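Participant: Would you mind keeping the following structure in view while I ask a few things?
The values are calculated or read from the model by the stated rules, or taken from the named source; none is laboratory data. This is a predicted model, so every value here is computed, not measured. Cβ atoms come from the backbone with ideal geometry, glycine included; neighbour counts cover every protein chain shown. Ligands, DNA and RNA are excluded from the accessible area calculation, which covers all protein heavy atoms including side chains. Shrake-Rupley method; radii C 1.70, N 1.55, O 1.52, S 1.80 Å.
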Amino acid sequence: MKSRLAKLAMVGCLSLIAARPASADEPTAALKAGTELLKAGDRLADEGKAGDAQIQYKTAFEKILPGLRRIPFKHEVKRDVTKRENLKEMLLKDFDEDMTPAEFEANEKALKAFGMVAPDVDLKALLVQVYSEEIAAYYDPRTKTMYMIEEPAAAKKVPPTFLERLFGKTGGFDKDENKTVIAHEMTHALADQHFDLDGLHHEAKSDDDRSLAASALIEGEATLAMMGVGMDDWDGTEIVKLPADGLDRGISLMTPFLSMLGGGKSLRDAPPIIAESMMFPYLRGMIFCAYLANAGGWEAIDDAYRNPPQSTEQILHPSKFRKNPDPPTAVDLGALKVGEGWKELGRNVLGEMQTAVMLRKQRGSAAAAGWDGDRYAVFEGPNKQLGLVWFSTWDGEDDAREFVQSFVRYQTSRMGKDAFQPSRIPDSLWRCVDDVCRVVERRGVDVVVVEGFGGGDTAALVDAAFEAKKSEVQPAQRTIKPSEKPKASAAAAPATAAGPG
């Protein structure tokens, strides 16, 4: 995702940082040149030449970040600019390149089948609107280009909300905020030249949970580097010592208040699954990368790119990635036969993070914490009704039982005020109204949910789902293709006055 974590968002966490001792080493020539470029950018900004200032900042971080991050740029990063009014068109193009219309429809209708998005929501329009409001400068690994966002000349200068700052937007040109957003995005560019970020997402294409975990690694690394820049930790030796446990406590204290601090109107009005999925890679990814850096410095983050996290469970519980590896269980649902007029739209993985958001009012984090793997299939019927088959497996029977307790309460909340909620939830609960059934059944550590079908189809689908094949995901060392210098465009567009945010 194309944004950054503003320093103001981290006031509580940054209070944990001790003053950085002066380095005994002389600054390198590259660092001297980079810091001089930052000063030159500041002078240009003071003269009202914001676009020129951004060019200086971008060039400065090409010199500074290799020393902080301990890996070199292999070639110069292309830059370009896009007008904010053209951003929606770019985002729509990005969606079409990321997935086919059928794949997007399957994801949208899955969220609706799970009850996380209302039936009448146009998800693509909502996402485009949210991102077009929140995005500041961003790096695109497909085009290998750093993009600046040019605001309309007549844009009203309104003080930014907390979440607008979180995603890079300001009430005007702010030198420090522009430097941190550019540092964040240039960290992506640096990582891409070594670890092929587009390839990392492509490897997780059929698994949304794994893709979200990859985003957390990418954004967490860039947020950590950005914080190092904010500390003037030019050699990256102090930010890796920032206690991950302290960051975790600080973020946990902040989380309940994030919804009150607001972003753009579209983000404030968006379903929780949209807003929380946007913030997860930055907040939880930062903590995850801090855990890695505490244990092994920047090299541990390099290793994570070569052998990346496989699930949001490993992001939420970093010890399950490094100290006591707990790879997820892969689930193959096999053939699922449905009645006439029904068609399968797609299959995917929900994962611990999204399960916790879905069950947030039913002790979601605790209920999802024993997750070990899942797979769902979403269907559409002859009258456009949605059907869901979801198999999940858990670390132990108590974890599976706790999940069932929470999910049944969640399911009841979606069935209307007259829905039957048993005082004691059995291992197999069927609730059918007008021959549309909702079933939650546990067998040992495995749980099957089937919703939206008639009684006959439901019974067969429950039995078929419990025949799912399970296998442990084997961590595989990535084969990372060498970075190539991108072809030069006709002309690199200069950054412009409004810049990122």
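Participant: Quick check: with the 1.4 Å probe, what order do 406, 277 take by accessible area, largest first?
Facilitator: From most exposed to least exposed: 277, 406.
Participant: If you don't mind, there's one more thing I want to ask. At what distance in nm do the modelled label points of residue 98 and residue 241 sit from each other, each positioned 7 Å from its Cα along Cα→Cβ?
Facilitator: 3.9 nm
Participant: Still on this structure, I have one more. Given points 7 Å out from each Cα along the Cα-Cβ axis, report the residue 121 to residue 335 separation in nanometres with one decimal.
Facilitator: Label at residue 121, label at residue 335, 3.6 nm between them.
Participant: Next question, about the same structure. Check each of the trypsin sites (Lys or Arg not before Pro) in the stretch 270-334 and keep only those in coil by DSSP with at most 11 other C-beta atoms within 10 angstrom; list them in order.
Facilitator: Those satisfying the criteria are 323.
Participant: To continue, here is another question. In whole percent, how big is the carbon plus sulfur part of the accessible area of the stretch 217-372, probe 1.4 Å, protein atoms only?
Facilitator: Summing carbon and sulfur atoms, their accessible area is 52 percent of the total for the stretch 217-372.
Participant: Need the C-alpha centroid separation for the stretch 37-89 versus the stretch 429-476, integer Å.
Facilitator: Rounded to whole Å, the Cα centres lie 52 Å apart.
Participant: At a probe radius of 1.4 Å, what is the per-residue accessible area of residue 207, in Å² to the nearest 10?
Facilitator: 40 Å²
Participant: How many angstrom separate the Cα center of the stretch 296-367 from the Cα center of the stretch 185-203?
Facilitator: The distance from the Cα centre of the stretch 296-367 to that of the stretch 185-203 comes to 21 Å.
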